[in-house]
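The values are calculated or read from the model by the stated rules, or taken from the named source; none is laboratory data. None of the values given here were measured: they were computed from a predicted structure. With ideal geometry, Cβ positions are generated from the backbone for all residues, glycine too; neighbour counts draw on all protein chains shown.
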Amino acid sequence: DGGITQSPKYLFRKEGQNVTLSCEQNLNHDAMYWYRQDPGQGLRLIYYSQIVNDFQKGDIAEGYSVSREKKESFPLTVTSAQKNPTAFYLCASKIQRGASYEQYFGPGTRLTVT
Amino acid sequence: QQQVKQSPQSLIVQKGGISIINCAYENTAFDYFPWYQQFPGKGPALLIAIRPDVSEKKEGRFTISFNKSAKQFSLHIMDSQPGDSATYFCAAIEGSGSRLTFGEGTQLTVNP
């Protein structure tokens, strides 16, 4: 059963704590992405990685960090420096098939920081 | 800089009607345009996609219309059903691009 797994579905943390969100894919996709979605808002790109051991900042990288040590894994750490961490976090992976691109999203993790 | 503008922000349609969501882009290097459907609390799912060498693509009740000269594309949902109620995102990517550019999203409500 192929796909993208994000865990946990809900995560609660106290302010000032770092927290790491998991993202695993068994689709053999090279590229992986992290997005943030706030209520009623669109998708904002945090970080992305096109290949193992390499990643780039997206539009809102401040207060976040990532690693890409394995092709199938792309964890996101929300640090205490992120001013408004409460949000819905979506992981995605993408593959190019000929002239087409297929980007698939995971089910998301809802992070609440109090 | 928002490179893909989506409208309307919200849309209410009666069951059986046609839902139309529009997107416009600036970057002429974009060459692939997918649409995503997102239900509350779920991740977006790829719905249908089109390349600019095609003016229309249809999959079931979902149709993308593409106007290259106007740099616009739209999603038409025929015979809209309450189960279609969701948020829809258009997106675009260029051939050498590493990331999709998303529109702001349209919240569709189909009334029974």
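Listed by position, the strands (runs of 3 or more DSSP E) contained in segment A:1-49 that have at least 2 residues being free of Cβ contacts under 8 Å to residues at least 60 places away in the same chain are A:19-25, A:31-37. With the condition kept exactly as written, say whether any residue in segment A:28-41 is farther than 25 Å from A:Ala81 by Cβ and among the hydrophobic types (A, V, I, L, M, F, W, C). Yes.
May I ask you to say which residue of A:Lys94, A:Lys83 is over 15 Å from the mean Cα position of the chain (by Cα) and either over 23 Å from B:Gln38 (Cα atoms) or in a strand (DSSP E or B) (or both)?
Details: A:Lys94 fails: over 15 Å from the mean Cα position of the chain (by Cα).
None of the other options fit; the residue is A:Lys83.
Among the residues making up segment B:8-20, a single one is within 12 Å of chain A (Cβ to nearest Cβ) and either surrounded by 12 or more Cβ atoms within 10 Å (Cβ to Cβ) or among the small types (Gly, Ala, Ser) (or both): B:Ser10.
Taking A:Val52 as the residue in question, decide whether it is buried (at least 19 other Cβ atoms within 10 Å of the Cβ), touching a residue at least 12 places away in the same chain (Cβ under 8 Å) and not acidic (Asp, Glu). Against the criterion (buried (at least 19 other Cβ atoms within 10 Å of the Cβ), touching a residue at least 12 places away in the same chain (Cβ under 8 Å) and not acidic (Asp, Glu)), A:Val52 does not qualify.
Among the residues making up segment A:27-36, those that are at pLDDT 95 or above and not hydrophobic (A, V, I, L, M, F, W, C) are A:Tyr33, A:Tyr35, A:Arg36. The numbered conditions (1) of a type in the set (A, V, I, L, M, F, W, C); (2) within 13 Å of chain B (Cβ to nearest Cβ); (3) under 22 Å from B:Lys42 (Cβ atoms) are all true for A:Ile51 except (3).
Looking at segment B:21-65, which of the residues that are touching a Ser or Thr at 6+ places or on another chain (Cβ under 6 Å) and touching a residue at least 12 places away in the same chain (Cβ under 8 Å) is nearest to the other protein chains (Cβ to nearest Cβ)? Filtering segment B:21-65 for residues that are touching a Ser or Thr at 6+ places or on another chain (Cβ under 6 Å) and touching a residue at least 12 places away in the same chain (Cβ under 8 Å), the one nearest to the other protein chains (Cβ to nearest Cβ) comes out as B:Gln38.
Screening A:Glu24, A:Glu15, A:Glu62 for residues that are away from chain B (no Cβ under 13 Å) and either surrounded by 15 or more Cβ atoms within 10 Å (Cβ to Cβ) or of a type in the set (A, V, I, L, M) (or both) leaves exactly one candidate, A:Glu24.
For segment A:96-114, the set of residues classified as touching a residue at least 24 places away in the same chain (Cβ under 8 Å), within 14 Å of chain B (Cβ to nearest Cβ) and surrounded by fewer than 15 Cβ atoms within 10 Å (Cβ to Cβ) consists of A:Thr112 only. Per the listing A:Phe74, A:Phe88, the residue uniquely buried (at least 18 other Cβ atoms within 10 Å of the Cβ), within 14 Å of the chain's Cα centre (by Cα) and farther than 29 Å from B:Leu108 by Cβ is A:Phe74.
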